[in-house]
Amino acid sequence: MKKWLWLLLLLPALAAGFVWVFPGKALQAEYARQRWLAGATVKTQEVSGETWHYLEAGQGPLIVLVHGYTGSKENWLPAMTSLTSSHRVIAVDLPGWGESAPKPGQDYSPLAQAERLSRFITAQNEPVALLAGHSMGGMISGLMLSSGGDLPVAHVVFMSSAGVRFKENAFARRVLKGDNPFAVYQADAFVGFLQEFVFADAPYLPSPMAAYMVQQRERKKTFERQVFTQMRLGPQAFLLQERLPLIRQPAGLLWCDADKIIDPSAAAVFARGLRQSDTRILKGCGHMPMMEQPRQTAEFLLSQL
């Protein structure tokens, strides 16, 4: 009995030590655990010279999930678990993000990414029952659907989506002054940013893992700055707002009441511009509803079908 007790006490210490010594491997192990829970596998597909990395799970009508700025396909894993029992689900890394490295001299503006996403969806050779875009991913999805092409997308969800003007908040004021609040490349500052802006209740992130994530992001610092400028300050920043009436698909609008990056007032702007929409504001979460409230997020996505 004492032997088992000591083992139980030792295991958490060993796990903590692994995180501190091998933070990158620990992060990959956590992603592997979440993929196992969702029944997801990592796949790649070549489309028009781009190598797309994506997660795929489940069977049935197709749902495509698109991450936001500085995000990745893994952001969707907590919510995918509740979607895959009835649908085939694909969560992509947009070109340049996640496992995809940006190519020198290429355009990664929202309009350019919208064209790439259009080619990827066409390459699936099947109708998309639901397309969901978070933050920048919502902006890119909306620009794609408003471009006039005949894409086989039945429904769309804009989640905490960029691309429209909203009630000015502290984050927006910093952006208007020329600052990029996302540009944090020290571990402590990164954790502070997550706590202040991204989550209403930020998950615990060990310092070594935060340092590893910052190190990975720092390699794309120039790319991140370029994309942020095009997305928030360039001529494409509010192009989606002008084009909303061109989107023919019924749209779901999902926000959190404590979103400090894209204020929930943006949902009303989307609703005024879209032909048909359904809005839900979740309580007690921030800018990442699929991570803070994955079950509620999945339920809303499925309710739009």
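The values are calculated or read from the model by the stated rules, or taken from the named source; none is laboratory data. What you see is a predicted model, and the numbers here were worked out from it, not measured in a lab. All Cβ positions, even for glycine, are placed from backbone atoms using ideal geometry, and neighbour counts span all protein chains on display. Each accessible area value is taken on the protein alone, full model and side chains, heavy atoms only, with ligands, DNA and RNA left out. Shrake-Rupley method; radii C 1.70, N 1.55, O 1.52, S 1.80 Å.
Suppose we filter Leu143, Leu176, Leu111 for residues that are among the aliphatic types (A, V, I, L, M), open to solvent by 20 Å² or more (accessible area, probe 1.4 Å) and out of contact with any Ser or Thr (no Cβ under 9 Å at 6 or more places or on another chain); which single one remains?
The match here is Leu176.
Just a yes or no: is a residue in the range 115-125 under 18 Å from the mean Cα position of the chain (by Cα) and in contact (Cβ under 8 Å) with a residue 60 or more places away in the chain?
Taking every residue of the range 115-125 in turn, at least one turns out to be under 18 Å from the mean Cα position of the chain (by Cα) and in contact (Cβ under 8 Å) with a residue 60 or more places away in the chain.
Which count do you get for residues in the range 32-79 that are of a type in the set (Asp, Glu) and more than 22 Å from Gly138 (Cβ to Cβ)?
Of all residues in the range 32-79, those of a type in the set (Asp, Glu) come to 46, 50, 56, 74.
Still in the list and also more than 22 Å from Gly138 (Cβ to Cβ): 46.
Looking only at that region, the number is 1.
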